[in-house]
Every structure is written in C-alpha cells, then in structure tokens.
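Chemist: The structure is given below, and queries will be raised subsequently.
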Amino acid sequence: MRKALWLFLLAMLVCFIFYNSYLPAEQSHGASQLLVSIINDVERMLGMTPSQGNIEYNLRKFAHLFEYFLLGVVLCNVYASFGVSRRTSTGYILFLGIFIGLLDESIQLFAPGRTALVTDIIIDFAGVSLAWLCYETWHWSKS
C-alpha cells in the first residue's frame with residue numbers, strides 16, 4: 001500500500017510539473033500575477049508596504065525550487081518504500097531530478113510564448129538535491 005501511494009504521488013507531481021510547463025505564456029503569467037496580487041493583499045492586511053521590484057520573477061524561481069524539493073522528497077520515499085539502499089537510490093534520485101528538469105524545460109519549448117532556461121534546470125536540480133540532503137540528514141540523525 002505504501003509503495004502504491006508514493007508511486008501515485010510521484011506520478012501526480014510529475015504530471016502537475018509537466019502540465020504547468022505546457023501552459024501558454026499568457027496563462028502562466030496570469031497565474032503568477034494572481035499569486036503576486038494575493039501576496040500584496042496579505043502584505044497590506046499586515047500593515048506592510050506591498051513588495052516592489054520583480055516579485056513575479058522571484059516567485060517563479062521559488063516555485064521551481066519548491067516543486068522540485070517536493071519531487072525530491074517523493075523520490076526519496078519511493079525508493080525507501082521499495083527497500084532500495086540509500087546509497088544506491090542517491091544516484092537514481094539525483095539523475096531523475098535533473099532528467100525531469102530537462103524534460104520540464106523541453107516541454108516549454110512547445111508552449112506558445114515560453115522558452116527553456118538553463119538556470120531553471122539548475123534551480124530544479126538544487127530543489128531535488130536539497131530534498132535529498134534533508135532526507136539523508138533526517139535519517140542520519142535518527143541513527
């Protein structure tokens with residue numbers, strides 16, 4: 001049951017990532033703008049001055065990092081649920097992290113108005129690597 005749950009979460013997360021990559025630029029920008037306006041509204045409610053500068057750019061980069069951090073957590077748990085040693089699974093997790101990041105950016109080449117960025121692949125890989133590092137640290141501390 002645990003294996004099926006982690007595999008299901010993995011499939012759903014990868015589909016979510018790829019779906020967002022295939023959104024046309026206008027829709028992707030609209031989703032980002034909605035989040036920016038929500039952040040600005042929350043800042044106003046807290047008595048803060050709404051964020052200035054290129055908050056949308058930073059939000060998009062953080063979204064990449066967060067999505068791929070979640071992917072890393074799910075991948076670590078998939079391999080753990082199948083009983084694959086942490087040493088063996090490390091290479092697979094990091095390889096899949098960069099491979100899915102490459103596919104993610106490649107999909108954007110086919111979405112109207114979107115481009116692929118090497119920096120996003122690096123951020124994606126950093127997210128998976130950070131998740132793996134946290135997972136390993138957590139397991140090491142339990143030992």
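Chemist: Filter the range 104-117 down to residues that are in contact (Cβ under 8 Å) with a residue 12 or more places away in the chain and over 13 Å from the mean Cα position of the chain (by Cα), then give me how many there are.
Modeler: Summing the residues that are in contact (Cβ under 8 Å) with a residue 12 or more places away in the chain and over 13 Å from the mean Cα position of the chain (by Cα) in the range 104-117 gives 8.
Chemist: For the range 120-143, enumerate the residues that are β-branched (Val, Ile, Thr), without any contact (Cβ under 8 Å) to a residue 12 or more places away in the chain and either surrounded by 16 or more Cβ atoms within 10 Å (Cβ to Cβ) or over 17 Å from Leu75 (Cβ atoms) (or both).
Modeler: Ile122
A quick yes/no check of all residues on (1) small (Gly, Ala, Ser); (2) over 21 Å from Asp120 (Cα atoms); (3) in a loop (DSSP other than H, G, I, E, B):
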position: Lys3; (1), (2), (3): no, yes, no
position: Leu7; (1), (2), (3): no, yes, no
position: Ala31; (1), (2), (3): yes, no, no
position: Glu43; (1), (2), (3): no, yes, no
position: Tyr57; (1), (2), (3): no, no, no
position: Leu71; (1), (2), (3): no, no, no
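Chemist: Looking only at the range 41-62, count every residue that is touching a residue at least 12 places away in the same chain (Cβ under 8 Å) and not hydroxyl-bearing (Ser, Thr, Tyr) and tell me the total.
Modeler: Within the range 41-62, residues that are touching a residue at least 12 places away in the same chain (Cβ under 8 Å) and not hydroxyl-bearing (Ser, Thr, Tyr) number 5.
Chemist: Moving on. Would the range 20-36 turn up any residue that is farther than 26 Å from Ile107 by Cβ, modelled with pLDDT under 90, out of contact with any Gly (no Cβ under 6 Å at 6 or more places or on another chain) and among the β-branched types (Val, Ile, Thr)?
Modeler: No, the range 20-36 contains no residue that is farther than 26 Å from Ile107 by Cβ, modelled with pLDDT under 90, out of contact with any Gly (no Cβ under 6 Å at 6 or more places or on another chain) and among the β-branched types (Val, Ile, Thr).
The values are calculated or read from the model by the stated rules, or taken from the named source; none is laboratory data. Everything numeric in this text was worked out from a predicted model, so none of it was measured. In this analysis, Cβ positions are derived from the backbone assuming ideal geometry, glycine residues included, and neighbour counts consider all displayed protein chains.
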